[in-house]
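As structure tokens, the structure follows; a few thoughts come after it.
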Amino acid sequence: MTNKIRWAELFPDEFLERQASQSVVYLPMGMCEPHGHIAVLGLDTIKADYLCEEAARRFGGIVAPTQGYQIHESGYHAPWLAEVVGNVRPFMTAMPPHVMLYFFLYQLRAFHNANFKTAIVLTGHAGGNEQDFELAARHFAQVSDMQVRVFADPELVRGQFTGDHAGAYEISQLLHIAPTMVDLSKHDRINDADSLGRFAQGKDALAASATQGEAIMEASLAKLHQVVNACSAAASAVSRPFLSYETIESVWETLKLDAPNWRTRRLNVGQTPASAESMWKPFEQV
Ligand SMILES: [Zn+2]
């Protein structure tokens, strides 16, 4: 069997062979957003790619084209941006929830129609968006028996490590998998008058290490291994019927009715709203 794991790089016979051996598709989700001055903007994408590619290499399956756009700005994100980024351009690849969740239903359709038994969705952008993709997956389950599992990467290591934003957790991850994407010497730029300010840099970022990153990533992969095994054991043997646009539009209608429950449209419980002067204020209510 080929050792290539990317959907886009497989010939049709290679695709069928890999899928017959392990009928799992991985969707890496990330985005570009501020990760301080010490890390590249695509940290979330890079780690999602790494975990999906390593999982496919070690446990089988195929990695779908990476999604480099994610929900940000809306709901609880807005006061967070006001606090840790402020009124500067954040160089983000952010999308509103209704765009991403609508698109996600069609991504799941594509995986279903490619006849996968299981889809594992892994987002490197954490903090609540994963709950909305889970909600969308539950609605999708009305029309498909494909198993869908959604994780933000810190959920894979819950109880072992605590996720953060551009702090010791995330910077360690990146130091392990892509050390040239980290430059701790830029740490003090948060204080430079001509810089972008804090730019969401984590306060304990200098405590990061590649060793810690390796421990986090290996623990994440151990959990993914469990998930893949459990899904393989539970997968139905029948081939999936081809889903139409109309079917997905009907799922979207029910997901829209659930919009009051979308996590990314709400503030966190007890969260202080952004001030009226913040450029992020209008995004609290979308
Ligand atoms: Zn991140």
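The values are calculated or read from the model by the stated rules, or taken from the named source; none is laboratory data. Since we're looking at a predicted model, the values are computed, not measured. Using ideal geometry, Cβ is built from the backbone for each residue, glycine included, and neighbour counts are taken over all protein chains shown. Areas reflect the complete protein model, heavy atoms only, side chains present, ligands, DNA and RNA absent. Shrake-Rupley method; radii C 1.70, N 1.55, O 1.52, S 1.80 Å.
Structure summary
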read-out	value
Condition broken by Ala193, with the remaining ones in (1) surrounded by 14 or more Cβ atoms within 10 Å (Cβ to Cβ); (2) outside any helix (DSSP H, G or I); (3) not charged (D, E, K, R) satisfied	(1)
Verdict on Val85 being over 12 Å from the mean Cα position of the chain (by Cα) and away from the ligand (no atom under 16 Å from the Cβ)	no
Test for Ala207: is it of a type outside the set (Ser, Thr, Tyr), open to solvent by 30 Å² or more (accessible area, probe 1.4 Å), more than 16 Å from the ligand (Cβ to nearest atom) and closer than 30 Å to Arg109 by Cβ	no
Single residue of the stretch 147-180 satisfying the filter (open to solvent by less than 10 Å² (accessible area, probe 1.4 Å) and in a loop (DSSP other than H, G, I, E, B)) that is farthest from the ligand (Cβ to nearest atom)	Val157
Options Ser220, Ser236; residue that is under 19 Å from the mean Cα position of the chain (by Cα) and either of a type in the set (Ser, Thr, Tyr) or surrounded by fewer than 13 Cβ atoms within 10 Å (Cβ to Cβ) (or both)	Ser220
Matching residues in the stretch 7-36 - criterion: being within 16 Å of Gln107 (Cβ to Cβ) and not small (Gly, Ala, Ser)	Trp7, Val24, Val25, Tyr26, Leu27, Pro28, Met29, Met31
Only listed residue being under 21 Å from Asn113 (Cα atoms) and either of a type in the set (A, V, I, L, M) or assigned to a helix (DSSP H, G or I) (or both), chosen from Ser236, Ser220, Ser250	Ser250
Residue within the stretch 86-95 that is buried (at least 24 other Cβ atoms within 10 Å of the Cβ) and either of a type in the set (S, T, N, Q) or assigned to a helix (DSSP H, G or I) (or both) present	no
Residue satisfying condition, being at pLDDT 95 or above and surrounded by fewer than 18 Cβ atoms within 10 Å (Cβ to Cβ), within set Ala78, Ala114, Ala137, Ala82	Ala114
Among residues of the stretch 18-43, those that are within 30 Å of Arg240 (Cβ to Cβ) and within 16 Å of the ligand (Cβ to nearest atom), counted	4
Tally of residues being more than 12 Å from the ligand (Cβ to nearest atom), surrounded by 24 or more Cβ atoms within 10 Å (Cβ to Cβ) and within 28 Å of His187 (Cα to Cα) across the stretch 52-73	1
From the options Asn261, Asn191, residue that is at pLDDT below 95 and within 27 Å of Tyr76 (Cβ to Cβ)	Asn261
